[in-house]
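This report concerns only the one structure given below.
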Amino acid sequence: MPLHELLSRLEWAAGLPLDELCFLVVDRGAADGARLVGPPEVVGRDRSYLHLAGGGRIPYHRVLEVWNRDRLVWRKVDVRDERGGEGQ
């Protein structure tokens, strides 16, 4: 399921607003290559991006995981993992 669809379902069907979610995203500047972003940094979303306070945005293809408190809600599946380690 595309991430924008999941976020819509969480918000509208499960009653879980964006400000209750945190996102593990690829960040080339971070020591381990990823960082966690959430409220108040994430202020909105659209079909392709998470919008950040200050005008920045993160494309959905950089989102690795979605968390609600201590619960993993969604994890990006690596195509290589599904094909036994062979990439496209």
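Residues in segment 1-45 that are in a strand (DSSP E or B), more than 13 Å from residue 67 (Cα to Cα) and either in contact with a helix residue (DSSP H, G or I) (Cβ under 6 Å, 6 or more places away or on another chain) or charged (D, E, K, R) (or both): 26, 45. So for segment 64-73 (the condition being surrounded by 11 or more Cβ atoms within 10 Å (Cβ to Cβ), out of contact with any Lys or Arg (no Cβ under 8 Å at 6 or more places or on another chain) and part of a helix (DSSP H, G or I)), does at least one residue qualify? No, there is no match, as no residue in segment 64-73 is surrounded by 11 or more Cβ atoms within 10 Å (Cβ to Cβ), out of contact with any Lys or Arg (no Cβ under 8 Å at 6 or more places or on another chain) and part of a helix (DSSP H, G or I).
Evaluation of residue 6 against the conditions (1) modelled with pLDDT under 95; (2) surrounded by 17 or more Cβ atoms within 10 Å (Cβ to Cβ) shows that the sole unmet condition is (2).
In segment 15-28, the residues that are closer than 7 Å to residue 63 by Cα and in contact (Cβ under 8 Å) with a residue 12 or more places away in the chain reach residues that are acidic (Asp, Glu) and surrounded by fewer than 17 Cβ atoms within 10 Å (Cβ to Cβ) with C-beta atoms within less than 9 angstrom, at least six apart or across chains, in these pairs: 23/65; 24/65; 25/65. Among the conditions (1) more than 12 Å from the chain's Cα centre (by Cα); (2) modelled with pLDDT of 95 or more; (3) more than 20 Å from residue 2 (Cα to Cα), the only one that residue 71 does not satisfy is (3).
The values are calculated or read from the model by the stated rules, or taken from the named source; none is laboratory data. This is a predicted model, so every value here is computed, not measured. Here Cβ is always computed from backbone atoms with ideal geometry, including for glycine, and neighbour counts include all displayed protein chains.
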